[in-house]
Amino acid sequence: MRSSLLAAAAALAFPSATAQAQPAPPPKLVVAISIDQFSADLFDAYRPFFTAGLKRLASGTAYPNGYQSHAATETCPGHSTILTGHHPSATGIVANAWIDQGAARTDKNVYCSEDERVPGSTFANYTVSPEHLRTGTLGDRLKAVSPGSRNVAVAGKDRAAVMMGGRAVDQRWYWDGKTFSTDLKTAPVPQSVTLLKAAVEVQLAQPRGPLEPNALCQAKGRAYPVSPTLTVGANRLERAAGDTRTFRASPELDGATLALAAGLQQELGLGRGQTTDVLSIGLSSTDYVGHSYGSGGMEMCLQLLALDRELGDFLARLDGTGVDYAVVVTADHGGMDIPERLREQGIAQAQRADPGLAAAEVGKILAPQVGRTTPVLLGEGISGDVWLDRSLPDADKRRVLEAAVQRYRAHPQVEAVFTADELRRTPLPSGAPKQWTLIQRARASFDPARSGDFLVVLKEYISPIARPSTGYTATHGSPWDYDRRVPILFWRKGAGPAERSEAVDTADIMPTLAAMIGLKVAPGSVDGRCLEGAAGVFCSR
C-alpha cells in the first residue's frame, strides 16, 4: 500500500555516486529518519530484498553495527540520542516513563514528553512538551547560530517528534491516536497539514483489505498461538473501517507520516533558503507491528517491504524538488521476537517472564517485613527501574532495598540487579559500545534524579511480556544486543558507497551531521564523535 501523495510522484534517476576529494558544500536540507524498532537484525535479514528507498539509502555509507549503546532501549531514550549527540544519562530521558514520588499531582507516573506541571495534566491525558529533554538537538544548535534555518519534526509518536526536534522547532506534528496534532499552539497550521488530515480521515473511514504477500512474506506466514485467544505470525494487516489501532500497526501510518513530511517540505520550502534546514521524521509503524505480532512473521515482512517502497516514493519526491539534501537513517532501538518463534529457531532459553517479578508483586511480599499492608516497591513493569516507597523510614528503606535486591538476584530469570549507588560509582562509559559491560550500559541511561533505586536486568531472551495481549506480544527495552544494535545509514547524492563494519553509536550522528553542515561542536561537549567519511564528511572541516 502506498500513500496517494507520494505514489503520484515519479521516481527520478540520480547520478552514480563518485568519490569526493574535497569537502562538499553543506547540503541545504538534512533529513533525519528514525525507523522505530528497526533492529540491525531486521536490516541484515531484509537488506537483500529492498528495491527502493532503503536500497538507495544503504548504498551510501552504511554502518550495520550501530548501537543505541545504553540499557534503557525504549522509544524516548533512543530518540533522545539521535540528534543530541548524548546518551540518556545526559539527555535525562531515562525511559518512556518514570515515577516521581515528589510530583505535585496525585498521579506520580511521569511521561517522558510531557510537562506534568500543567494544571489538569495526567499521565493518561498529558500535555506534550520537551520539558524533560536536558540537551539541545541539531535543530536547536543550528537555529541558535542561524535563526533563518528551519527545524521541522514529523512522527508517528509525539515522543519521537519531541526528542528529535527539541525546543526550537518551527513545526512539529505527530499522530495522537486519531489524527496528526501539534503542541505548538501559536504556530499557523500549514495547508498541507489540513489536507493530509482530511485525507487520512477519509482513508480511515474505509476498511482496508488484506495485503498481498509476495513469496518471501508468504514463506514467513506461520501462525503461533501466544495466548488462548491470540495468534500471530500469518496476519495480512487488514483493517476494519475506523480501526485506528490497526492503522498504526501497518504501513498506512508510515505512508501518512512521509506524505505529511513531503507536504511540509514543499509548502515551507525547506532546503530552498540561504541556510540549511532540518527535517526529522519518526516512522513508528515497524514498532507497532513488532509489538503486535513479533518481528519474525509475515506481518513484519509486509511492513518492511512496504516501508521500502514508501521511502522510495518520498526520496523521489525530494529529488523532484531539486533541493540538495542529505539523509541519515537509524532506529531508536531494536526488538526481541516472540519467544514461541525463537524457541523453534533453536533459542531454547527464550521464554516469557514470571509475572511474579513485577515490582508491585515483589513489593507486596516484602511489605509485612516493615509492617506495611501495601506494596513497598513501585515500578513500570517486570524489569527496569524500581523505586522504594519514599514514605518509608530510612531504616526500613535499607531493609527493603537489601531484601528486594537479594530476592531479584536469586530468581533464575534475572541476570543482574544494580543499585543506584552502584551506578553512581560507575564511570560514564566510552569507546566502542559493543564492548561495554552490563553495568556500563546501565550507567549510560542512569540519571540520579529520575532513575529508580535499583535496576532489574532479565537474562537474555527473557521477554518481559508475561501475558501477551492484543497489540502487545513482543517488546524491547533490554541491554542485550538484539535491542541495542541498529543500522546507521548516511546518504548524499554524489557521495560514494562505503560499507563500514566498526561499532558506532547513535550519539555519533549529531556531530557527524554538524560537521557536514559546518556547525561547530566543541570537542568533548557531547558523548558522540564525528564519523570521518560518512557520506563524504570531513570531520576536521
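Database remark: amide H of ALA498 closer than 5 angstrom to the amide H of THR61, ALA62 (H placed geometrically; neighbours at sequence offset of 5 or more, or on other chains; Pro and chain starts carry no H). Couplings 3J(HN,Hα) of the stretch 98-115, computed from phi: 9, 10, 10, 5, x, 4, 7, 8, 4, 6, 9, 6, 10, 8, 4, 10, 10, 10 Hz, in residue order, whole Hz [Karplus 6.51 cos²θ - 1.76 cosθ + 1.60, θ = phi - 60°; x for Gly and Pro]. Across the stretch 248-260, rounded Karplus estimates of 3J(HN,Hα) from the backbone phi angles (6.51 cos²θ - 1.76 cosθ + 1.60, θ = phi - 60°) give 6, 8, 6, x, 4, 5, 4, x, 5, 5, 5, 4, 5 Hz, Gly and Pro being marked x.
Order of THR229, THR194 from fewest to most other C-beta atoms within 10 Å?
Working: THR229 9, THR194 12.
With the fewest neighbours first, THR229, THR194 line up as THR229, THR194.
Mean residue ellipticity, 222 nm, helices only, the chain: the sum of -39500 (n - 2.57) across DSSP H runs of n ≥ 4, divided by residue count and rounded to 500, is -9000 deg cm²/dmol.
Each Cα pair under 8 Å and six or more residues apart adds its sequence gap; the mean of these over the residue count of the stretch 376-438 is a relative contact order of 15 percent.
Exceedance of the 23 Å cut-off in Cα-Cα distance is limited, within the set LYS157/LYS178; LYS108/LYS459; LYS108/LYS185; LYS108/LYS397; LYS157/LYS185; LYS28/LYS493, to LYS108/LYS459; LYS108/LYS185.
Starting from the Cα gyration tensor of the stretch 371-479, take the square roots of the eigenvalues, sort them a ≥ b ≥ c, and report rounded, prolate or oblate (rounded when a/c is under 1.5, otherwise prolate if a/b is larger than b/c, else oblate).
Details: a/c = 1.92, a/b = 1.14, b/c = 1.68.
It is oblate, given that a/c is not under 1.5 and a/b is not larger than b/c.
Evaluated with a Cβ-only charge set (Lys, Arg +1; Asp, Glu -1), the chain carries a dipole of roughly 380 debye about its Cα centre, given to the nearest 20. Which whole-number percentage describes the relative contact order of the chain, with Cα contacts under 8 Å and a sequence gap of 6 or more? The value is 29 percent. For ALA155, the residues 5 or more places off, or on other chains, whose built amide H falls under 5 Å of its own are TRP173, TYR174, TRP175, GLY282. For the stretch 249-404, the residue among LEU305, ALA348, SER250 whose Cα projects farthest onto the positive side of the dipole built from Cβ charges is ALA348. Near SER478, the amide H atoms lying under 5 Å from its own belong to THR73; only residues 5 or more places off or on other chains count, and H is placed 1.01 Å from N.
None of the figures in this text is laboratory data; all of them are computed from the coordinates on show. Just so it is clear, the model here is predicted, and its values are computed rather than measured. Neighbour counts run over all protein chains shown; Cβ positions are idealised from the backbone, glycine included.
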